[in-house]
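Participant: Input: one structure, supplied below.
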Amino acid sequence: QTAIHRTDERPSPAFARLSWLVGLGTASALFACVFLFCELVYANNDDAYILRMMMGYGSPELPTFNMCLHFILLYPLRWLASAFPGAAWFSRMQLLFLWLSAAVSVKALLQCFHNAERPLWQGLAACAVYLALFVAPYCARVTFTVTAAMLGAAAVLQLLSIDPARLSDARIVRSFMLALVLCVLAYGLRQIAAVPILAFCAVAWFFRALDR
């Protein structure tokens, strides 16, 4: 009887909105603290090479191919660099991806605790620990490999937050699409990261299916 009652439940739309608001708010607050109190440092390896290339250093012609960056991100960056030259669009893109991954991770963690019928404060505490240990250090020390990993981690958490027994088909599809978009962005940023990210996503969905 308990299982049947649990299956018939539906997560409150208000909580779904709340989890998004908390995720977006905490991610924005974290980056505000980084900008105010920390010094942003970018890795001086392939990151610097991509940044200099996209800003036109070494050649006045912006590239149409790069061995590190996939074309799904290269061409938007090329368009931005052509339309608004002189700006570090690659660096800004990484910060945007880090902010997005932090927001989705917090949102997904809150939904995971909600699905497990845990108190809200426990979910908030887990989010605070996750942000402090796994997000904050990489917001100020940026490298595109870790940025891709953060996007992949957010995709895994997003999959874990999906409860097929409680969600409508439309919401399940939307949740899957969000995880897919995160994986595609990670692949575009660091193609070699796609294999471990997809493997972790498969494991996450396997355990999610076992929990049904």
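The values are calculated or read from the model by the stated rules, or taken from the named source; none is laboratory data. Please read all numbers here as calculations on a predicted model, not as lab measurements. Glycine gets a Cβ as well: all are built from the backbone with ideal geometry, and neighbour counts include every protein chain shown. For the accessible areas, the whole protein counts, side chains as well, though only heavy atoms, and no ligand, DNA or RNA atoms are used. Shrake-Rupley method; radii C 1.70, N 1.55, O 1.52, S 1.80 Å.
Participant: Would you mind pulling out the separation of the Cα centroids of segment 124-178 and segment 78-120, in Å?
Facilitator: 9
Participant: Could you compute the net charge surrounding GLN158? Neighbours are other residues with a C-beta less than 13 Å from the C-beta of GLN158; K and R count +1, D and E count -1.
Facilitator: Value of the local net charge: +3.
Participant: Now for a different question. Spelling out what I want: for every residue of segment 13-20, take phi, set θ = phi - 60°, compute 6.51 cos²θ - 1.76 cosθ + 1.60 (Karplus), and round to whole Hz; glycine and proline get x.
Facilitator: x, 5, 5, 4, 5, 4, 5, 5
Participant: I've got another one for you. Using only the alpha carbons of segment 122-164, what is the convex hull's orientation-averaged projected area in square nanometres?
Facilitator: Dividing the Cα hull surface by four gives the mean projection, 3.4 nm².
Participant: Compute, for ARG92, the solvent-accessible surface of its heavy atoms (probe 1.4 Å) with the complete set of protein chains present, and express it in square angstrom to the nearest 10.
Facilitator: About 130 Å², rounded to the nearest 10.
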